[in-house]
1. Of these, Ala97, Ala79, which one is surrounded by 10 or more Cβ atoms within 10 Å (Cβ to Cβ) and either modelled with pLDDT of 95 or more or in contact with a helix residue (DSSP H, G or I) (Cβ under 7 Å, 6 or more places away or on another chain) (or both)?
2. Among residues belonging to the range 85-126 that are without any contact (Cβ under 8 Å) to a residue 40 or more places away in the chain and of a type in the set (Phe, Trp, Tyr), point out the one that is nearest to Tyr74 (Cα to Cα).
3. Taking Phe50, is it in contact with a helix residue (DSSP H, G or I) (Cβ under 9 Å, 6 or more places away or on another chain), in a loop (DSSP other than H, G, I, E, B) and within 30 Å of Ala19 (Cβ to Cβ)?
4. Please find, among Asp49, Asp132, the residue that is at pLDDT below 90 and under 17 Å from the mean Cα position of the chain (by Cα).
5. From the list Leu114, Leu75, Leu66, Leu93, which residue is under 30 Å from Ala19 (Cα atoms) and either in a helix (DSSP H, G or I) or under 19 Å from the mean Cα position of the chain (by Cα) (or both)?
6. Restricting attention to the range 1-24, which residues are of a type in the set (A, V, I, L, M, F, W, C), part of a loop (DSSP other than H, G, I, E, B) and modelled with pLDDT under 80?
7. What's the total number of residues in the range 55-76 that are surrounded by 14 or more Cβ atoms within 10 Å (Cβ to Cβ), of a type outside the set (Gly, Ala, Ser) and farther than 24 Å from Gly92 by Cβ?
Amino acid sequence: MAVCRQCNSPAGRGDAFCAVCGAALPPPAPVAHDGRGFWGSLFDLSFQDFITPRIVRILFVAGMVLYGLLAFTYLVFAASMSRFLSGGAMVGLFLGAAVGFVVAVVMLRVGLELIIVFFNMASDLKALRRRDEEGREDRCPS
């Protein structure tokens with residue numbers, strides 16, 4: 001169970017803020033996703049369980065491999081043109097391939113991080129909504 005760092009009061013599971021003092025709580029440790037598994041989440045038509053945070057590492061590695069293959073293809077093409085180009089132009093082509101690879105990987109990483117930020121925002125909003133609903137239940141007489 002999580003405990004608030006400021007007032008040491010217990011916090012509910014998934015809460016983003018302390019119910020007593022309102023301080024931000026540390027993010028919860030990763031947990032299993034509803035026990036549905038990957039395939040259950042993939043075919044979840046309500047879109048309540050997201051698969052993107054689970055596969056983002058795979059997407060990043062696949063993107064790096066793709067960009068690596070593109071850079072390699074570019075280098076092979078540049079090498080085949082070596083008889084038509086000067087030495088300086090060849091060095092420029094090889095450096096361009098390396099710089100292009102690094103720039104593409106950085107852009108891929110930033111894009112995937114932005115996507116994860118959106119998923120984290122959705123998770124935090126869900127926790128806030130749940131906290132607000134629990135607070136209303138406590139205030140409303142039954």
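The values are calculated or read from the model by the stated rules, or taken from the named source; none is laboratory data. Small disclaimer: the values here were computed from a predicted structure and weren't measured. Every residue, glycine as well, gets a Cβ built from its backbone with ideal geometry; the counts of neighbours run over all protein chains shown.
1. The match here is Ala97.
2. Only one residue tops the list, namely Phe94.
3. Here the answer is yes, as Phe50 does meet what is asked.
4. Asp49
5. Leu114
6. Within the range 1-24, Met1, Ala2, Ala11, Ala16 meet the criteria.
7. Going through the range 55-76 one residue at a time, the tally reaches 3.
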